[in-house]
Amino acid sequence: MKKTLNFFKENMGIIIALLVLAVFLTVFPATSSSFPTTKNVFNVLRQISTNMLLACGMTMVIILGGIDLSVGSVIALSGVLAAGCVSRYGMSIHLAMIIGILIGLIIGAFNGFVISRTTIPPFIVTLATMNIARGLAGVYTGGSPVRVVSKQWQWIGAGYIGIIPVPVLIMIVVFIISVLIMNRTKIGRYIYAVGGNTLAARFSGISVSKVKFLVYTYSGLMAGLAGVILASRMYSGQPTAGDGAEMDAIAAVVVGGTSMSGGYGKLGGTLVGALIIGILSNGLNLMNVNSFWQTVVKGVVILLAVFIDYIRNLKKSK
């Protein structure tokens, strides 16, 4: 109960922003008939599910003081390879999806290995793997979608358990696991320690390189899972899938109150941030706002969130 109250106290600003946005879209004439419906609510949750998977990994990365720009491209590569395993090589759907998820894990592990073993900035390492993964997705597909026509394939991305979409249930499970990792395990405490002060963490006996390796591996794993889910939902692996997904994930994390300077952040805040980004996108779509203007609005939201983080850190330093 105390932790719940602390969560609401720490995230009061973004929770109020979420409620105001939801109320506005509920009463605004252009969206009042379509936004507050059960179908649309589940549609929003389905849409944010892949972003939330990325954001769970991205929260850990940013708390660590790093960044992972490769996740959007990993979505594409994981999706096209998983789809290709079924349509081109005749593999079982379960095995193909596992391979797709493992592709994400391998790229994440590569990022983690290079970042933890060298002094190359995470921005540069993940920028490189972002281009490599996106290029490989294009080379493998020749720029064309890899289609899979199978109800079993479509189930994980477009299926339901009862009235709840499968991706939403996966998102909930991953969120709970991520929260447990951050709040109930040594690695979670080590992530905060390394992000807060790397040198002090090293002198405390924490294996900084191991922590970095595990966090980036987890981020890649989440991207691989998101790629398979998205490919399932789209009935095909798309070489352009996940374009800009890394920015949506970063936006959810930053809007959720995680500090870009590292050492501070909560997954609960990230969930609220993802809901804000998802509802905002949904509302703009219902208003028929041009997609280019939607990108502008998201950019403004990110800038405001970073500015608030800057003000917060400035007050702490005084």
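The values are calculated or read from the model by the stated rules, or taken from the named source; none is laboratory data. Here the structure is a predicted model, which means the values were calculated and not measured. Cβ: placed from backbone, ideal geometry, glycine included. Neighbour counts: every protein chain shown. In case anyone asks, the SASA skips ligands and DNA or RNA and just uses the protein heavy atoms, side chains included. Shrake-Rupley method; radii C 1.70, N 1.55, O 1.52, S 1.80 Å.
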Check: Residues of segment 36-72 being assigned to a loop (DSSP other than H, G, I, E, B) and on the phi < 0 side of the Ramachandran plot, which ones?
Finding: P36, T37, L64, G66, I67, D68, L69, S70
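Could you check how many residues of segment 52-102 are within 24 Å of I187 (Cα to Cα) and surrounded by 24 or more Cβ atoms within 10 Å (Cβ to Cβ)? Break it down stepwise before answering.
Let us first name the residues in segment 52-102 that are within 24 Å of I187 (Cα to Cα), namely 52-71, 101-102.
Those left that are additionally surrounded by 24 or more Cβ atoms within 10 Å (Cβ to Cβ): 52-64, 66, 68, 70-71.
Selection size over segment 52-102: 17.
Quick one: is S209 under 25 Å from the mean Cα position of the chain (by Cα), touching a residue at least 12 places away in the same chain (Cβ under 8 Å) and under 14 Å from A82 (Cα atoms)? Can you show your working first?
Numbers: under 25 Å from the mean Cα position of the chain (by Cα): yes; touching a residue at least 12 places away in the same chain (Cβ under 8 Å): yes; under 14 Å from A82 (Cα atoms): no.
No.
Quick one: in segment 182-211, of everything that is of a type in the set (A, V, I, L, M, F, W, C) and open to solvent by 40 Å² or more (accessible area, probe 1.4 Å), which residue is farthest from G273 (Cα to Cα)?
Just the residues of segment 182-211 that are of a type in the set (A, V, I, L, M, F, W, C), to begin with: 182, 187, 191, 193-194, 199-201, 203, 206, 208, 211.
Narrowing further to those that are open to solvent by 40 Å² or more (accessible area, probe 1.4 Å): 187, 199-200, 203.
Working: I187: 24, L199: 30, A200: 30, F203: 34 Å.
This residue is F203.
Would you point out which residue out of S281, S232, S259 is open to solvent by less than 70 Å² (accessible area, probe 1.4 Å), closer than 30 Å to A96 by Cα, in contact (Cβ under 8 Å) with a residue 40 or more places away in the chain and hydroxyl-bearing (S, T, Y)? Working first, answer last.
Working: S281 fails: closer than 30 Å to A96 by Cα; S259 fails: closer than 30 Å to A96 by Cα.
Of S281, S232, S259, the one residue that is open to solvent by less than 70 Å² (accessible area, probe 1.4 Å), closer than 30 Å to A96 by Cα, in contact (Cβ under 8 Å) with a residue 40 or more places away in the chain and hydroxyl-bearing (S, T, Y) is S232.
Each row is one residue, and each column tells you yes or no for (1) under 18 Å from the mean Cα position of the chain (by Cα); (2) within 22 Å of R184 (Cβ to Cβ); (3) not in a loop (DSSP other than H, G, I, E, B).
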| site | (1), (2), (3) |
| --- | --- |
| L214 | yes, yes, yes |
| A231 | yes, no, yes |
| A249 | yes, no, yes |
| V254 | yes, no, yes |
| I279 | yes, no, yes |
| G283 | no, no, yes |
| V297 | no, no, yes |
| I311 | no, no, yes |
Notebook entry, point to check: If G13 satisfies every condition in (1) part of a helix (DSSP H, G or I); (2) open to solvent by less than 40 Å² (accessible area, probe 1.4 Å) but one, which is the exception?
Noted result: (2)
Margin query: If I ask for residues that are β-branched (V, I, T), at pLDDT below 95 and assigned to a helix (DSSP H, G or I), which ones from segment 155-170 would you list?
Written below: I156
Next item on the list: Name, by its number, the condition in (1) assigned to a loop (DSSP other than H, G, I, E, B); (2) over 13 Å from the mean Cα position of the chain (by Cα) that does not hold for G242.
Entry: (2)
Check: Taking Q47 and the conditions (1) open to solvent by 60 Å² or more (accessible area, probe 1.4 Å); (2) farther than 30 Å from N183 by Cβ, which numbered condition does it fall short on, given that it satisfies the others?
Finding: (2)
Note to self: With β-branched (V, I, T), without any contact (Cβ under 8 Å) to a residue 24 or more places away in the chain, assigned to a helix (DSSP H, G or I) and buried (at least 18 other Cβ atoms within 10 Å of the Cβ) as the only criterion, which of V173, V114 stands out?
What the structure shows: V114
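Taking segment 152-168 on its own, how many of its residues are open to solvent by 40 Å² or more (accessible area, probe 1.4 Å) and either within 15 Å of V228 (Cα to Cα) or of a type in the set (D, E) (or both)?
3
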Check: Within segment 250-262, is there a residue that is over 15 Å from I63 (Cα atoms) and in contact with a Ser or Thr (Cβ under 6 Å, 6 or more places away or on another chain)?
Finding: no
Margin query: Can you say whether A274 is outside any helix (DSSP H, G or I), hydrophobic (A, V, I, L, M, F, W, C), open to solvent by less than 70 Å² (accessible area, probe 1.4 Å) and touching a residue at least 40 places away in the same chain (Cβ under 8 Å), as far as the supplied structure shows?
Written below: no
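Quick check, is L127 assigned to a helix (DSSP H, G or I) and without any contact (Cβ under 8 Å) to a residue 12 or more places away in the chain? Quick ask: steps written out before the conclusion?
Numbers: assigned to a helix (DSSP H, G or I): yes; without any contact (Cβ under 8 Å) to a residue 12 or more places away in the chain: no.
Spelling it out, it is not the case that L127 is assigned to a helix (DSSP H, G or I) and without any contact (Cβ under 8 Å) to a residue 12 or more places away in the chain.
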Checklist line | Qualifying residue in segment 289-304 (condition: over 15 Å from N51 (Cβ atoms) and crowded, with 17+ Cβ neighbours inside 10 Å) | finding: no
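For segment 262-271, which residues satisfy the criterion of being in a loop (DSSP other than H, G, I, E, B) and either within 23 Å of G220 (Cβ to Cβ) or open to solvent by less than 50 Å² (accessible area, probe 1.4 Å) (or both)?
Selection gives G262, G263, G265, K266.
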